[in-house]
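What follows is one structure encoded as C-alpha coordinates, with my remarks underneath.
The values are calculated or read from the model by the stated rules, or taken from the named source; none is laboratory data. Keep in mind that what you see is a predicted model, and the values were worked out from it rather than measured. Using ideal geometry, Cβ is built from the backbone for each residue, glycine included, and neighbour counts are taken over all protein chains shown. Heads up: the accessible areas ignore ligands, DNA and RNA and are worked out on the full protein's heavy atoms, side chains in. Shrake-Rupley method; radii C 1.70, N 1.55, O 1.52, S 1.80 Å.
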Amino acid sequence: MKAIRIYALFVLLMMSLPILAQQRAMVHGYCLDENSKPIENVNISIVNTQYGTSSDAKGHYELPIYDQATAINLYYSCIGYQDTIVSLTPKQLQRDSINISFRMRKMSYDLQEVGVT
(Lines give C-alpha, C1' and ligand atoms only; values in the text may rest on other atoms or scores of the structure.)
Protein backbone atom coordinates (compact mmCIF):
# COMPACT_ATOMS: atom_id res chain seq x y z
CA MET A 1 0.00 0.00 0.00
CA LYS A 2 2.84 2.37 0.85
CA ALA A 3 4.55 1.57 -2.44
CA ILE A 4 1.40 2.55 -4.37
CA ARG A 5 1.28 5.92 -2.61
CA ILE A 6 4.94 6.59 -3.37
CA TYR A 7 4.41 5.56 -7.00
CA ALA A 8 1.34 7.82 -7.30
CA LEU A 9 3.28 10.76 -5.82
CA PHE A 10 6.14 10.12 -8.24
CA VAL A 11 3.77 10.10 -11.22
CA LEU A 12 2.14 13.37 -10.11
CA LEU A 13 5.54 15.04 -9.74
CA MET A 14 6.66 13.87 -13.17
CA MET A 15 3.45 15.18 -14.76
CA SER A 16 4.03 18.64 -13.29
CA LEU A 17 7.61 19.02 -14.58
CA PRO A 18 6.67 20.26 -18.08
CA ILE A 19 4.66 23.07 -16.52
CA LEU A 20 7.60 24.16 -14.40
CA ALA A 21 10.08 23.85 -17.26
CA GLN A 22 8.06 26.08 -19.57
CA GLN A 23 10.30 28.85 -20.81
CA ARG A 24 8.94 32.39 -20.78
CA ALA A 25 10.00 35.92 -21.53
CA MET A 26 9.12 38.76 -19.16
CA VAL A 27 8.11 42.05 -20.76
CA HIS A 28 8.39 44.96 -18.35
CA GLY A 29 8.79 48.70 -18.40
CA TYR A 30 7.24 52.06 -17.58
CA CYS A 31 4.41 54.03 -19.17
CA LEU A 32 5.04 57.77 -18.95
CA ASP A 33 3.32 60.89 -20.24
CA GLU A 34 5.04 63.67 -22.26
CA ASN A 35 6.36 65.24 -19.03
CA SER A 36 7.92 61.93 -17.88
CA LYS A 37 5.28 61.47 -15.18
CA PRO A 38 4.12 57.88 -14.62
CA ILE A 39 0.71 56.88 -15.96
CA GLU A 40 -1.36 54.61 -13.73
CA ASN A 41 -3.80 51.99 -15.07
CA VAL A 42 -2.45 51.69 -18.60
CA ASN A 43 -3.89 48.45 -20.02
CA ILE A 44 -1.31 46.23 -21.71
CA SER A 45 -2.61 43.17 -23.53
CA ILE A 46 -1.44 40.62 -26.07
CA VAL A 47 -3.50 41.13 -29.24
CA ASN A 48 -5.98 38.30 -30.00
CA THR A 49 -5.57 36.69 -26.57
CA GLN A 50 -7.10 37.10 -23.15
CA TYR A 51 -3.75 37.82 -21.46
CA GLY A 52 -2.80 41.23 -20.18
CA THR A 53 -1.92 43.44 -17.24
CA SER A 54 -2.03 47.07 -16.18
CA SER A 55 0.51 49.56 -14.90
CA ASP A 56 0.77 50.40 -11.20
CA ALA A 57 0.85 53.85 -9.53
CA LYS A 58 4.47 54.31 -10.64
CA GLY A 59 3.66 53.41 -14.25
CA HIS A 60 5.49 50.06 -13.99
CA TYR A 61 4.14 46.84 -15.51
CA GLU A 62 5.23 43.21 -15.99
CA LEU A 63 3.73 40.74 -18.45
CA PRO A 64 4.96 37.14 -18.91
CA ILE A 65 5.00 35.80 -22.49
CA TYR A 66 4.79 32.01 -22.83
CA ASP A 67 4.41 31.62 -26.62
CA GLN A 68 7.81 32.55 -27.98
CA ALA A 69 7.56 30.81 -31.35
CA THR A 70 5.51 33.46 -33.13
CA ALA A 71 5.58 37.24 -33.32
CA ILE A 72 3.18 38.99 -30.98
CA ASN A 73 1.68 42.46 -30.74
CA LEU A 74 1.27 44.26 -27.43
CA TYR A 75 -1.62 46.74 -27.22
CA TYR A 76 -1.23 49.70 -24.82
CA SER A 77 -4.35 51.74 -24.05
CA CYS A 78 -5.41 54.30 -21.46
CA ILE A 79 -8.25 56.82 -21.32
CA GLY A 80 -7.01 60.23 -22.43
CA TYR A 81 -3.98 58.82 -24.31
CA GLN A 82 -3.40 57.56 -27.84
CA ASP A 83 -3.47 53.76 -28.16
CA THR A 84 -0.16 52.16 -29.13
CA ILE A 85 0.78 48.77 -30.61
CA VAL A 86 4.29 47.37 -30.16
CA SER A 87 5.40 44.31 -32.18
CA LEU A 88 7.83 41.73 -30.82
CA THR A 89 9.59 39.22 -33.05
CA PRO A 90 10.39 35.62 -32.04
CA LYS A 91 14.07 36.60 -31.87
CA GLN A 92 13.30 39.31 -29.30
CA LEU A 93 11.13 36.87 -27.33
CA GLN A 94 14.06 34.47 -26.85
CA ARG A 95 15.46 36.80 -24.19
CA ASP A 96 14.52 36.33 -20.55
CA SER A 97 13.75 40.01 -20.03
CA ILE A 98 12.42 42.59 -22.50
CA ASN A 99 12.25 46.25 -21.44
CA ILE A 100 9.66 48.42 -23.21
CA SER A 101 9.31 51.89 -21.72
CA PHE A 102 7.84 54.79 -23.64
CA ARG A 103 5.91 58.04 -23.46
CA MET A 104 2.23 57.99 -24.35
CA ARG A 105 0.75 60.94 -26.24
CA LYS A 106 -2.22 62.74 -24.72
CA MET A 107 -5.33 62.79 -26.85
CA SER A 108 -8.22 65.18 -26.51
CA TYR A 109 -11.53 65.47 -28.31
CA ASP A 110 -13.60 68.56 -28.98
CA LEU A 111 -17.22 67.60 -28.47
CA GLN A 112 -20.29 69.45 -29.57
CA GLU A 113 -22.23 71.52 -27.13
CA VAL A 114 -25.05 69.75 -25.24
CA GLY A 115 -28.08 71.48 -23.74
CA VAL A 116 -29.83 70.02 -20.70
CA THR A 117 -33.31 71.15 -19.69
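Once phi is turned into θ = phi - 60°, what whole-Hz ³J(HN,Hα) does the Karplus curve with 6.51, -1.76 and 1.60 give for every residue of the stretch 106-117, x standing for Gly and Pro?
5, 9, 10, 10, 9, 9, 6, 5, 10, x, 10, 10
Which loop GluC sites (Glu not before Pro) in the stretch 31-108, with loop taken from DSSP, have no more than 10 other Cβ atoms within 10 angstrom of their Cβ?
Listed in order of number, the matching sites are GLU34.
Summing +1 for each Lys or Arg and -1 for each Asp or Glu, what net charge is found among the other residues whose Cβ lies under 13 Å from the Cβ of GLU34?
Details: positive: LYS37, ARG103, ARG105, LYS106; negative: ASP33.
With Lys, Arg at +1 and Asp, Glu at -1, the net is +3.
How much length is gained on full extension from GLU34 to ARG95, taking 0.36 nm per residue of separation minus their Cα-Cα distance?
19.1 nm
Quick query: amide H of VAL42 versus all other amide H atoms, modeled in the peptide plane; which residues come in under 5 Å with a sequence gap of 5 or more or a different chain?
Under 5 Å from the amide H of VAL42: SER55.
Along the Cα-to-C-beta direction of ALA69, a point sits 7 Å from the Cα; which residues of the stretch 23-58 have their amide N less than 17 Å from that point?
23-25
Any idea of ASP96's accessible area? Nearest 10 Å², probe 1.4 Å.
Counting only protein heavy atoms, the figure is 110 Å².
Would you please give the residues with an amide H less than 5 Å from that of TYR81, counting only those at least 5 places away or on a separate chain, with H modeled from the backbone geometry?
Correct list: MET107.
Could you give me the ³J(HN,Hα) list for the stretch 88-94, computed from phi with Karplus coefficients 6.51, -1.76, 1.60 and θ = phi - 60°, whole Hz, x at Gly and Pro?
So the J values, rounded to whole Hz, are 10, 8, x, 5, 5, 6, 6.
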